[in-house]
Each structure stands twice: as structure tokens, then as C-alpha cells.
1. If you wrap the chain's Cα atoms in a convex hull and average its projection over all directions, what's the area in nm²?
2. Just the number, please: percent antiparallel of the DSSP beta bridges in the chain, rounded to the nearest 5.
3. Heavy-atom accessible area per residue, the chain, 1.4 Å probe: how many Å²?
4. Compute the angle between helix 38-52 and the longest alpha-carbon principal axis of the chain, please, reported from 0 to 90 degrees and rounded to the nearest 10.
5. Could you pull out the trypsin sites (Lys or Arg not before Pro) across region 16-67 that fall in loop regions by DSSP (anything but H, G, I, E, B) with no more than 12 other Cβ atoms inside 10 Å?
6. What residues have an amide H closer than 5 Å to that of SER101, excluding those fewer than 5 places away on the same chain, when H is modeled at 1.01 Å from N in the peptide plane?
7. Provide the FRET efficiency to the nearest 0.05 for the THR60-THR136 pair, computing r from the beta carbons and using R0 = 30 Å.
8. Quick one: longest stretch of the chain between exposed loop GluC sites (Glu not before Pro), exposed meaning at most 14 other C-beta atoms within 10 Å and loop per DSSP?
Amino acid sequence: MEIIKKTSFDRIYAFSLASLVLKEGSFAGAARRIGIAPSNVTKEIQKLEEYLGIKIFKRTTRSISLTQEGRVAIERSRRILNDLGELEENLLGTLDVSKGSLRITAPTTLGQSFFADIIADYQISHPYIDIDLRFTDRILDPVEQDIDISIRTAFSLKDSSMFVRRIGQVKRVIVASTKYLESFKRPRNPDELHEHNCLLYMRGDSPFIWSFEKGSIKKNIHVTGTYRSNNLLSLIRACEKGVGILNIPEYLVKSYIDEGKLKVILKTWKLPAHNIFLLTSRKPSQSRRLLTMVNYLSEETKKREC
């Protein structure tokens, strides 16, 4: 005979509250979200911790974070809660209606300039989905930050426990303004960039090296310049005014090129493109909500040619 253990409280509700506390960043935030008193949230979490015999959260006056045991508990419970939600949708016959919430993170510039429109269009066609969109250039922990989909750019990704789908590439171009090219001789090959003022994008501790390919020839040019910034839009503005030459994702300057404000140079040389990856902590096929968003992001990225 199987033994079914009965408890004096609703564990599903308590685990759901714990996930909401993590998502909102505080007990008070979780309470506000569902319209109950913060003390009620605290009591439910305490009951859960006593039942499990662990501490789920480390609390300070300013923030909360997961304990090691809490991280395991939340990660496993989220899978169970998601599976339960999918089961209910199946049994209730609501597979044709996407409901629930999705938390998505993306790099700041790519997110603002490209994915913001795509995700807004998705929201219009799926009004029952609660979208929580975060732009940051930091790599966030999907469990700690309760993230469903992470959008990242890289040449390649290291081994990961995440489920990964490559959905596109970020093509790059070298551009300069007509004003700059009228004042300085147009470079004919990457080696001549040493003679020019290159606009430098500061990202971490990376050296200012621009890579080029033409057939079997590969060049890595260490560029220099008098203008640097950690913001790509400010570099585009400086380039437009004639300050220097810029290595930039093509989608950010396509309108400038089409309008003749910027000229593409070194066209015969290919610049390595970053891949765009979608990362999820579980198989998208396990959740209709997740799968719908992943497929939509994949299709729209191809259509809009990032």
C-alpha cells in the first residue's frame, strides 16, 4: 500500500508563493502582486521551510537571495508547478488559449533596438500572457532570477545545462560618414585602419581588436582611437558627425546607410557575426506557453533580418 502524506497546509500554494517572492524580489512585492498582507506570505513560507527542514531564503534589510537548499527546492518545484499548469490546461480544454507569465532577458542594445518590437507584437496576439522583459548586459542566473527565456549573443556557447536554440546572427559592418571620408583617405584594406581614428566600444576588458576574413585570409587588427564609449548609440552619433570609423551591428545603422548618412567601407572583407541564442531551463516542448514564444522569436528574427 502506498502512503500519501497529508499536510496541514497547501504545499502547492506555498511553493507558488516562494517562486513569486523570488520573482518580485521581496515578500512585500509578492504580497502586493496577489493582494494579500505581507505577513500572510511570511507565514506560508515559514510553514514550508519548517516542513522541509531547510531555509529557502537568505534575508537582509535590503534584499533576499536563495540558500543552496532553497535553490534546489525552487528549481524542482517550478518544474512541478509548470507541469501541473500544463496538465490543467489539457484537462480543462484550454490548449488553444495561452495563459500565464513569461520572464525574458536580453542584451540591452539588441533588446531595445530589435526584440522590443517583436515581443510587443507577441503580447498583442497573446493578451493573456503576462510578459516581464528585462534588458541587461549581465548574464543572469535563470533560477535565481526566475527567468524563462534568456536571449544571448556570442560566437559560441560553452557547455550548458540549459536548452539552447540558435535563431539568427548579428551581422556587422564597418561604416564612416561622408564628411569623414572627404577629410581622410578611405581605407582599402584592414591594415590601413592603423592610420584612422576608430570609434571604440568598451565592453568588459576586451581589447579593441577588429577581425576580418577574405577567403583563406584572416586579419586581427588592433585598432586605436580618441573616442570611446560603452554605448553603441553614442558611437553611431559620433560616426555620423565625422569623428571616426565604426565597427557596428548592421541592424543598428541600416537606416543611416539607406539614407546615405553613413557609408559601408571594406565591403570585400567579411566580419565574424555573433550568433543569437535562446536559452531555456527546460525543454520548450514541455510548455505550450514557452514553446509558442520560442517559436515566435525564432520566426520573427528570421523575417526581420537582425
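The values are calculated or read from the model by the stated rules, or taken from the named source; none is laboratory data. Just so it is clear, the model here is predicted, and its values are computed rather than measured. Quick reminder, even Gly has a Cβ in these numbers, built from the backbone with ideal geometry, and neighbours come from all protein chains shown. In case anyone asks, the SASA skips ligands and DNA or RNA and just uses the protein heavy atoms, side chains included. Shrake-Rupley method; radii C 1.70, N 1.55, O 1.52, S 1.80 Å.
1. Numbers: hull surface 85.6 nm².
It is 21.4 nm².
2. Working: 31 of 44 bridges.
Approximately 70 percent, going by the DSSP bridge assignments.
3. Values: 17610 Å² over 306 residues.
Counting only protein heavy atoms, the per-residue value for the chain is 58 Å².
4. The helix 38-52 is inclined about 80 degrees to the chain.
5. Numbers: sites: LYS23, ARG32, ARG33, LYS43, LYS47, LYS55, LYS58, ARG59, ARG62; in loops: LYS55, ARG62.
Passing sites in region 16-67 are ARG62.
6. ASP130
7. Values: r = 22 Å, r/R0 = 0.73.
So the FRET efficiency works out to roughly 0.85.
8. On the way: sites that count: GLU2, GLU144, GLU259, GLU305.
It runs 3-143.
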